[in-house]
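To start, the structure itself, in C-alpha cells.
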Amino acid sequence: MARLIGGLLRLAIIDTETTGLDPQTSVVLEFAALIIEDGVVVREYETKIKPLVQELHYAHPKALEKNGYSDEAWEDAPSVEEVGPDIISILDGCVLVGHNVAFDEAILRAHFASRGVRGRIPYHKIDTITLAYEHLTPLGLESSSLDRVREFLGWSKDGAHTAMQDVRDTKRLFDLLWRMTPWRRFQLQMALRFR
C-alpha cells in the first residue's frame, strides 16, 4: 500500500525504454525514476538493462533506433536479474506516476516475471496523459504523446526517449497540471497565447 509521508503520497515518477510495445515479447532496455516525498525529490535512479540475445530477436527496429540501442552502448549494462530487486525496493510504497504509466508497469511486471525477478510492483497510478487530456486538450493540444506535449508547451526535445529525460519532463508536466485550478489554467492559457 502507498505510504503517506507528511500527509502527502510518496510518488515514483518512472519511465521505461523498451524493445517494443508488447509486454509479452518486449523487454526493458532502460529504467529511470525520481522518488518524491513531501514534494521533494529524495532519490534519482537510472539504469540501462542488458537484454538477452534471444530477446533482441523480438525487438522492433524502430524501438531500438528511437532508444539509441547498440550492443556497444549496452555492453556493460547490468542484467534485469541484477537491477530488478533494486527497482522493486525503490518503488516500494510509492504511487507510480508516468506518461502512459500502465504500459511501464505492465512491461516491468512481464520482464521481471520472464526472468524470475520476484517482488511487488505498486499498482496505484497517476497518468500524466490523463492530466494532459483534461487540462491541455481544451487549450488546443491535439495529441497527448509526450513529444506532442513538449511541442505544445514549447519545451526542448533534447534527450527525449532516454528514460531519465522522459522522467524529468513527466515530472515537469505533473507539477504543471496536478491539482490544476481554474486560475492556474487561465494563467497557462495566457502564457501559451503570448509566447
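Among the lysines, which fall within straight-line cross-link reach of Lys157, defined as a Cα-Cα distance under 22 Å, with same-chain neighbours fewer than 8 residues apart omitted?
Hits, sequence-local ones excluded: Lys48, Lys62, Lys66, Lys171.
Within the chain, which is the longest segment that contains none of the GluC sites (Glu not before Pro) sitting in a DSSP loop with at most 11 other Cβ atoms within 10 Å? All intermediate terms of the calculation are to be shown ahead of the outcome.
Details: sites that count: Glu72, Glu75, Glu142.
Excluding the exposed sites themselves, the longest stretch runs over 1-71.
Mind checking which of Pro61, Pro182, Pro85 has the largest fluctuation in a GNM of the chain, springs on alpha carbons under 10 Å?
Of Pro61, Pro182, Pro85, the most mobile in the Gaussian network model is Pro182.
Going by the alpha-carbon gyration tensor, a ≥ b ≥ c the square roots of its eigenvalues, is the range 1-99 rounded (a/c under 1.5) or, if a/c is not under 1.5, prolate (a/b greater than b/c) versus oblate? Intermediate results must be reported in sequence, preceding the final value.
Working: a/c = 2.49, a/b = 2.25, b/c = 1.11.
The shape class here is prolate.
Classify the range 100-175 as rounded, prolate or oblate from the Cα gyration tensor: take a ≥ b ≥ c as the square roots of its eigenvalues, call it rounded if a/c is under 1.5, otherwise prolate when a/b beats b/c and oblate if not.
Values: a/c = 2.89, a/b = 1.91, b/c = 1.51.
Prolate shape, in that a/c is at least 1.5 and a/b is the bigger ratio.
Decide, for the chain, between rounded, prolate and oblate: order the square roots of the alpha carbon gyration tensor eigenvalues as a ≥ b ≥ c, take rounded if a/c falls under 1.5, and otherwise choose prolate if a/b is larger than b/c, else oblate.
Details: a/c = 2.26, a/b = 1.44, b/c = 1.57.
Oblate, since a/c reaches 1.5 and b/c is not below a/b.
Mind listing which chymotrypsin sites (Phe, Trp or Tyr not before Pro) in the range 66-162 are in a DSSP loop and have 13 or fewer other Cβ atoms within 10 Å?
On the way: sites: Tyr69, Trp74, Phe103, Phe112, Tyr123, Tyr133, Phe152, Trp155; in loops: Tyr69, Trp74, Tyr123, Trp155.
Passing sites in the range 66-162 are Tyr123.
Evaluate the relative contact order of the chain (contact order divided by residue number), counting alpha-carbon pairs under 8 angstrom at least 6 apart; express in whole percent.
Details: 310 pairs, mean separation 46.0, N = 195.
Computed over the chain, the figure is 24 percent.
What's the exposure ranking of Thr25, Thr162, Thr181, going from fewest to most Cβ atoms within 10 Å? Intermediate results must be reported in sequence, preceding the final value.
Numbers: Thr25 15, Thr162 18, Thr181 8.
Ordered by Cβ neighbours within 10 Å, fewest first: Thr181, Thr25, Thr162.
Under a Cβ-only charge scheme (Lys and Arg +1, Asp and Glu -1), can you give me the dipole magnitude of the range 4-193 about the Cα centre, in debye to the nearest 20?
820
Just so you know, all these numbers are worked out from the coordinates, no wet-lab data involved. No experiment lies behind these values; they were computed from the predicted model shown. Cβ coordinates were reconstructed from backbone atoms using ideal geometry, including for glycine residues, and neighbour counts include every protein chain displayed.
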